[in-house]
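J.: Handing you a structure now.
The values are calculated or read from the model by the stated rules, or taken from the named source; none is laboratory data. Since the structure is predicted, the reported quantities are computational estimates derived from the model, not experimental observations. All Cβ positions, even for glycine, are placed from backbone atoms using ideal geometry, and neighbour counts span all protein chains on display.
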Amino acid sequence: MIEIPERLIQEIHLHGERTYPEECCGVMLGVQQDRLQIVHTILPIGNSQELNRQRRFLITPEQYRNAEKNAIDMGFDLLGFYHSHPDHPAMPSAFDTEHALPWFTYVIVSIINGKARTTSAWVLSEDRRGFDERPLQISRLLKKKTAKIQRAPK
């Protein structure tokens, strides 16, 4: 399950509405506790896709490295990514399946006629054949940051 505070869901929706009719994208940072991911912050990222931005987004390697650095600096994990689907359902596309990584959560918001409608969360199967929907819980209050588990040195 992934838990996202309502205010962050609203920020994702606003990002999608502002960039409509093009796709928006960003990263989600937080903590992982067993099978629960708790998002503490999001970082909007400019869509670096040059062609067909209405149906595609691109996060460059440099943007990805910056997101990882921000996560480390803030004491969080990089949990996954969010993006919008302008005038399409909040379901992964074939392009999403081809470009996703299995261990991240992907939150998709459907933007219909410029307004956010449906939000869903997905994780790519390890065999990369498709996505499984991940339960999404929208919380009213942000929980206190929990300590990350330290790994023993090798």
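J.: Could you figure out which of (1) modelled with pLDDT of 95 or more; (2) closer than 19 Å to Trp122 by Cβ; (3) of a type outside the set (A, V, I, L, M) isn't true of Arg35?
T.: Result: Arg35 fails condition (1) only.
J.: For residues in the stretch 64-88 being part of a helix (DSSP H, G or I) and surrounded by 18 or more Cβ atoms within 10 Å (Cβ to Cβ), which is farthest from the chain's Cα centre (by Cα)?
T.: Checked the stretch 64-88; the qualifying residue farthest from the chain's Cα centre (by Cα) is Ala71.
J.: Pick from Glu11, Glu17: which is in contact with a strand residue (DSSP E or B) (Cβ under 8 Å, 6 or more places away or on another chain), within 12 Å of Pro86 (Cα to Cα), of a type in the set (Asp, Glu) and touching a residue at least 24 places away in the same chain (Cβ under 8 Å)?
T.: Glu17
J.: Out of Ala116, Ala94, which single residue is small (Gly, Ala, Ser) and surrounded by 15 or more Cβ atoms within 10 Å (Cβ to Cβ)? Before you say what the answer is, go through the steps one by one.
T.: Details: Ala94 fails: surrounded by 15 or more Cβ atoms within 10 Å (Cβ to Cβ).
Exactly one of Ala116, Ala94 is small (Gly, Ala, Ser) and surrounded by 15 or more Cβ atoms within 10 Å (Cβ to Cβ), namely Ala116.
J.: While we're on this one: Residue by residue through the stretch 27-66, note down the ones that are of a type in the set (S, T, N, Q) and under 18 Å from Ile9 (Cα atoms).
T.: Across the stretch 27-66, the qualifying residues are Gln37, Thr41.
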